[in-house]
């Protein structure tokens with residue numbers, strides 16, 4: 001269950017990062033509200049997951065998920081240019097996150 005919460009928290013990290021950009025320096029109310037809600041839930045989930053998952057592993061997985069999803073969203077919806085190298089690097093991050101999960105259970 002802790003891993004499910006950690007993954008959901010990583011997804012929420014991508015949500016708050018994207019909402020932060022859309023808030024235009026907190027001048028747009030709805031993206032700002034989404035930012036605050038997603039940030040609080042993401043941090044709470046990370047904190048909960050860290051009670052059973054080692055801090056370094058939990059944080060790396062959380063950041064990895066958030067980073068990959070944030071960049072992928074930006075590439076898909078036009079905020080960032082996609083390239084083969086970027087996609088391969090993102091796949092590398094995904095591989096590392098999966099590796100941390102596997103090694104953490106060994």
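Quick note: the coordinates plus some simple rules give every number you see, no bench work behind them. Everything numeric here is computed off the predicted structure, so don't read it as measured data. Here Cβ is always computed from backbone atoms with ideal geometry, including for glycine, and neighbour counts include all displayed protein chains.
Restricting attention to the stretch 97-106, report how many residues are in a helix (DSSP H, G or I) and either on the phi > 0 side of the Ramachandran plot or exposed (fewer than 13 other Cβ atoms within 10 Å of the Cβ) (or both). So that I can check it myself, show each step before the final result.
Looking only at the stretch 97-106, we keep the residues that are in a helix (DSSP H, G or I), and these are 97-105.
Narrowing the set further to residues that are either on the phi > 0 side of the Ramachandran plot or exposed (fewer than 13 other Cβ atoms within 10 Å of the Cβ) (or both) leaves 98-99, 102-103, 105.
Of the residues in the stretch 97-106, 5 are in a helix (DSSP H, G or I) and either on the phi > 0 side of the Ramachandran plot or exposed (fewer than 13 other Cβ atoms within 10 Å of the Cβ) (or both).
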Inset, instruction - Within the stretch 74-93, track down each residue that is touching a helix residue (DSSP H, G or I) at 6+ places or on another chain (Cβ under 6 Å) and within 30 Å of residue 2 (Cβ to Cβ). - result: 90, 93
Legend entry - Those residues of the stretch 21-39 which are surrounded by fewer than 19 Cβ atoms within 10 Å (Cβ to Cβ), in contact with a helix residue (DSSP H, G or I) (Cβ under 9 Å, 6 or more places away or on another chain) and either in a helix (DSSP H, G or I) or in contact (Cβ under 8 Å) with a residue 24 or more places away in the chain (or both), in sequence order: 21, 22, 30, 31, 32, 33, 34, 36, 37, 39
Inset, instruction - Report whether or not residue 16 is surrounded by 15 or more Cβ atoms within 10 Å (Cβ to Cβ), under 10 Å from the mean Cα position of the chain (by Cα) and in a helix (DSSP H, G or I). - result: yes
Legend entry - Of all residues making up the stretch 40-74, the number that are without any contact (Cβ under 8 Å) to a residue 24 or more places away in the chain, crowded, with 16+ Cβ neighbours inside 10 Å and under 15 Å from the mean Cα position of the chain (by Cα): 2
